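The values are calculated or read from the model by the stated rules, or taken from the named source; none is laboratory data. Just so it is clear, the model here is predicted, and its values are computed rather than measured. Cβ coordinates were reconstructed from backbone atoms using ideal geometry, including for glycine residues, and neighbour counts include every protein chain displayed. The area values use the complete protein model at the heavy-atom level, side chains included, leaving out ligands, DNA and RNA. Shrake-Rupley method; radii C 1.70, N 1.55, O 1.52, S 1.80 Å.
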Amino acid sequence: MNSIPQAQTIEVFVKNRKLDDLKILHLSDLHINKKSSKTKILELVNYCNNLDFDFCVITGDIIDCKVSYIKEHLYILNRLKKNVYYVSGNHDFFYGLEELKKELTNFIFMDNSYTVIAHKNEIIHLAGLPDRFSKFFGVKRDENKIVQFLEDSPSIFISHQPKDYKIALKCDADLFLCGHTHGGQIYPFHYLVKLIQPFVAGVFYEKNTAIYVNKGLGTWGFHFRFMAKAEISILKLISKSVESLP
């Protein structure tokens, strides 16, 4: 994580009026490792805590090394205000998801889990799934349980990879949030990402579901970005009839 990017407010159209004017801070792919600056993480937390949002979602890959090396970093990250809901990414599994969960005591872990959130006297259904790599670590993805819960509208589904958009469509979720792609990270690698993932970055609409793919904050492999800037997003939901969705 280098310099902290300016937050961008992105209007996302959703079909359900109950989600109107909801503001979600969406972070993803921090990839915190031994070389990550604790000062930069504190700067990120302080910056985000001064933003206007209802709750925060982190869509995976928080860590990129063993947790024992970055406990102080995670302690700082824990200071994010309001409710923070997160799901696993493939790197979290590889470097130690259970250890990560022990350190993020102020966050709400959403793998194979669901909850309800109050917004303007309305109830929003939020659910998440483990990363698709979880099967290699002996963790089952309980898709049926999550789909059944999200069939109650309004609903928001979170997971790490854009490929899971089909699950969002299956339960007719209003909104699907994910990351993983880094927006390609280094142009023209986004062309390769497109061969693997259905979406690379930004807002998309499929049937009744709005999809947002976050480009993330960290890097992987090569520790720089080119034409795929790091991202802090405030997603402002705006209700629109299904017929008028883009």
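Please work out if SER68 is polar (S, T, N, Q), over 27 Å from LEU150 (Cβ atoms) and surrounded by fewer than 19 Cβ atoms within 10 Å (Cβ to Cβ).
yes
Does any residue of segment 131-153 turn out to be among the acidic types (Asp, Glu), at pLDDT 95 or above, part of a loop (DSSP other than H, G, I, E, B) and surrounded by fewer than 22 Cβ atoms within 10 Å (Cβ to Cβ)?
yes
So ALA228 passes all but one of these: (1) at pLDDT 60 or above; (2) on the phi < 0 side of the Ramachandran plot; (3) open to solvent by less than 40 Å² (accessible area, probe 1.4 Å); (4) part of a loop (DSSP other than H, G, I, E, B). Which condition number does it fail?
Of (1) at pLDDT 60 or above; (2) on the phi < 0 side of the Ramachandran plot; (3) open to solvent by less than 40 Å² (accessible area, probe 1.4 Å); (4) part of a loop (DSSP other than H, G, I, E, B), only one is false for ALA228: (1).
Criterion first (among the basic types (Lys, Arg) and either more than 25 Å from VAL14 (Cβ to Cβ) or in contact with a strand residue (DSSP E or B) (Cβ under 8 Å, 6 or more places away or on another chain) (or both)) does LYS135 satisfy it?
yes
Just to be sure I understand the filter: pairs with C-beta atoms under 7 Å, separated by 6 or more residues or on different chains, first member in segment 105-133 and under 13 Å from SER88 (Cβ atoms), second member assigned to a strand (DSSP E or B) and among the acidic types (Asp, Glu). Which pairs pass?
GLY128/ASP111; LEU129/ASP111; PRO130/ASP111
Looking at ALA168, ALA173 in this structure, which one is assigned to a loop (DSSP other than H, G, I, E, B), open to solvent by less than 10 Å² (accessible area, probe 1.4 Å) and modelled with pLDDT of 95 or more?
Matching residue, one of ALA168, ALA173: ALA173.
Please go through segment 13-27 and give me each residue that is in contact with a helix residue (DSSP H, G or I) (Cβ under 9 Å, 6 or more places away or on another chain) and at pLDDT 95 or above, ordered by number.
Within segment 13-27, PHE13, LEU25, LEU27 qualify.
Determine which member of the set ASP52, ASP61 is touching a residue at least 24 places away in the same chain (Cβ under 8 Å), more than 29 Å from ASN144 (Cα to Cα), in a loop (DSSP other than H, G, I, E, B) and of a type outside the set (S, T, N, Q).
One residue alone meets the criteria, ASP52.
Can you pull out every residue in segment 6-49 that is part of a strand (DSSP E or B), surrounded by fewer than 20 Cβ atoms within 10 Å (Cβ to Cβ) and among the β-branched types (Val, Ile, Thr)?
Selection gives THR9, ILE10.
Within segment 30-44, is even one residue in contact (Cβ under 8 Å) with a residue 40 or more places away in the chain, farther than 15 Å from ASN214 by Cβ and aliphatic (A, V, I, L, M)?
yes
Exactly one condition in (1) of a type in the set (Val, Ile, Thr); (2) closer than 18 Å to LEU217 by Cα; (3) open to solvent by 60 Å² or more (accessible area, probe 1.4 Å) is not met by ILE62; state its number.
Of the numbered conditions (1) of a type in the set (Val, Ile, Thr); (2) closer than 18 Å to LEU217 by Cα; (3) open to solvent by 60 Å² or more (accessible area, probe 1.4 Å), the odd one out for ILE62 is (3).
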